[in-house]
1. Looking only at the range A:200-228, count how many residues are buried (at least 19 other Cβ atoms within 10 Å of the Cβ) and touching a residue at least 24 places away in the same chain (Cβ under 8 Å).
2. Take the residues of the range B:83-103 that are assigned to a loop (DSSP other than H, G, I, E, B) and of a type in the set (S, T, N, Q): which is farthest from residue B:262 (Cα to Cα)?
3. Among (1) assigned to a loop (DSSP other than H, G, I, E, B); (2) within 28 Å of residue B:248 (Cβ to Cβ); (3) out of contact with any helix residue (DSSP H, G or I) (no Cβ under 8 Å at 6 or more places or on another chain), where does residue B:80 come up short?
4. Counting only residues that are more than 21 Å from residue A:148 (Cα to Cα), hydroxyl-bearing (Ser, Thr, Tyr) and in a helix (DSSP H, G or I), which one in the range B:40-77 is modelled with the lowest pLDDT?
5. For the range A:224-309, which helices (runs of 4 or more DSSP H) that fit wholly inside it have 2 or more residues that are of a type in the set (Val, Ile, Thr) and more than 10 Å from every other protein chain (Cβ to nearest Cβ)?
6. Six or more apart or on different chains, Cβ atoms under 6 Å: show the pairs whose first residue is in the range B:67-94 and surrounded by 14 or more Cβ atoms within 10 Å (Cβ to Cβ) and whose second is in a loop (DSSP other than H, G, I, E, B) and among the aliphatic types (A, V, I, L, M).
7. Has the range A:202-209 got at least one residue that is of a type in the set (D, E, K, R), more than 11 Å from chain B (Cβ to nearest Cβ) and under 30 Å from residue A:88 (Cα atoms)?
8. Can you confirm whether residue B:290 is in a helix (DSSP H, G or I) and within 19 Å of the chain's Cα centre (by Cα)?
Amino acid sequence: MSADTAPRAAAAPRTAKGGKGPRYARTGYLFVAPFMVAFTAMFLVPLAYAAWFSLFREQMIGGNVFVGLDNYTRAFTDPRLIQGLGRVGLFFLIQVPLMMALALFFALALDTALLRLSRTIRLAIFMPYAVPSVVAALMWGFLYGPDFGPLAQLAERIGATAPDFLGADLMLGSIANIVTWEFTGYNMILLYAALRAIPTELYEAASVDGAGPWRTAWSIKIPLLRPAIVLCMVFSVIGSFQLFNEPSIMRTLAPNVIVADYTPNLYAYNLAFVGQEYNYAAAVSFVLGFVIMAGSYVFMLATNRRSRS
Amino acid sequence: MSAAIANPEAPDEPAAAAQPPREGEGRREVRGGRGRKRRSKRSTLLTVGMLAAAAYFLLPLFWLVVASTKSTGDLFSTFGLWFAGHNNLFTNLGNTFTQDGGAFTVWFGNSLLYAVASAVGGTFLAALGGYGFAKYRFRGNQAMFMGVLGAMAVPATALAIPIYLLFSQIGLTDTPWAIILPSMAIHPFGLYFMRVYTDSAVPDSLIESGRIDGAGDFRIFFQVTGRLLTPALATVFLFMLVSTWNNYFLPLIMLNDPDLYPVTVGLANWQGQASSSGGASGDYVPLVITGSLVSIFPLIIAFLFLQRYWTTGLVSGSVKQ
């Protein structure tokens, strides 16, 4: 509590934060109530309802019957789900390190004084974030395409054939490129914002000691950026494992490559809205949610431990 | 702060005004002739490398602009990354907005409605809540806040099917509410951000003096502290606007009526029609392309327009991370 408010302490509850009187506590509840009510209605209630729902099965005879955890035992041994999880896991391992390395490099470059046109460059790299992922996938789909895609046209001009970006071998890489294009700028901005918040005295000390900009970046900025990097990585775990929009758009271009269970989310969607297996789809959603939460948790634990040692 | 005054063409860096000049602003001192020896050289190599990176990020957008000016024939017969001789942009725009009885116009309006309603409502909820969590002590404050933060780890799409199941039970699917209500309520990051920002931007003494003047706590919130929170409000508003405008999964599962589609679902539908029947409906291709171009304009305008706010907001919001 700051000193200027302290003398009044006896007369009135000193400040909002120090105000422990029932009147202020009640006001506090009033402030948070709208958010908490909305959050409960749109988050907790649906989750509880779907959890209950996932314990049933729709049957030809007998209608909706309670089956306990059957849907979950089915999900954990469902090769289509496991294969999808493996695919997005692989996607995560390849795409996220690449994207984060780029974002970190760009943020550090923007934060040095070495760069000309830094404002324009920053906006250009960030701009894809404002593009809906559906539109991003549509655009890249055309760019990859064999009909009038400029990549294919360029290859043809030099008498070569462009690789089949929409074929089975390259599809995951093609999607990784789209996701990298979309989110590198966003991560860059978050890291850049965190960099701007680092106190300047640290740099001055380094500068006095003769550290150049790269040395400063490596020895001071990156270690201080650690919490921001971990945050971005956790968001990326969540984003990769729930991959849906890009493969779902690419599916219209390459229906034989992107099968109905290409990613777990695509699988859950097709279960529910094509196969009408709502109960099982709910269970698959929960399994996916658990995997993602476990993944983020393990990731945070691992990075925490390393920073302590 | 001299840096801010010396460089008026960088209004997007109010962070510089809020902080003492530092390494990053060294270039301005250079310009003023007070350059330090070591930092005074800018790197051409780095600049060229970064420009190449920027080109990669702009290339698809450039392609989109070019492609929007072409007729179906030119799309297939001319080089993709340069304009054809004939500018077909206005015909394409006209067709995009009138095809299928003006469907795209309806989708565009829907997207605007969903995004603005969710962002306004959600920002309001996050601002009130963040303020309450930051400035009041009450039983359960920490527990509730941590509970909401924990929700960040639950993926939005894993939540979408549960919300669909509940909404179909109470008859809310296939209505605008099916998009607006979830979009405004589930934004834990907005609440977290508002709390952190309020903590650092609103001094307790200000609330206290408002009370001494006899103002109620809600009046203090709306009339006194609102101005201090502007950068954070703009930031949360913008990010909620983007997430709703760009959302595809939720409207895809919630809505059946094409008149309720947002642009994302509508464009994906057109794309499906363009590719499913092969060359027969190749006429949909320019519509998908032009519609895509139109759909990204509102957000780019919002980002540029609110730039000075969200850049400050992000910097101050990350101080306490």
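1. 5
2. Initially, the range B:83-103 is screened for residues assigned to a loop (DSSP other than H, G, I, E, B), giving B:83-88.
The next check asks that each one be of a type in the set (S, T, N, Q); those that pass are B:87-88.
Values: B:87: 28, B:88: 25 Å.
Ranking the qualifying residues of the range B:83-103, first place goes to B:87.
3. It is condition (3) that residue B:80 fails.
4. B:40
5. A:278-308
6. B:70/B:84; B:74/B:84; B:78/B:84
7. Of the range A:202-209, the ones of a type in the set (D, E, K, R) are A:204, A:209.
From what is left, the residues that are more than 11 Å from chain B (Cβ to nearest Cβ) are A:209.
After this cut, where a residue has to be under 30 Å from residue A:88 (Cα atoms) as well, the list is none.
No; the residues of the range A:202-209 include none that is of a type in the set (D, E, K, R), more than 11 Å from chain B (Cβ to nearest Cβ) and under 30 Å from residue A:88 (Cα atoms).
8. On the way: in a helix (DSSP H, G or I): yes; within 19 Å of the chain's Cα centre (by Cα): no.
So residue B:290 fails the test.
The values are calculated or read from the model by the stated rules, or taken from the named source; none is laboratory data. Owing to the predicted nature of the structure, the values given are computational and were not obtained by experimental measurement. With ideal geometry, Cβ positions are generated from the backbone for all residues, glycine too; neighbour counts draw on all protein chains shown.
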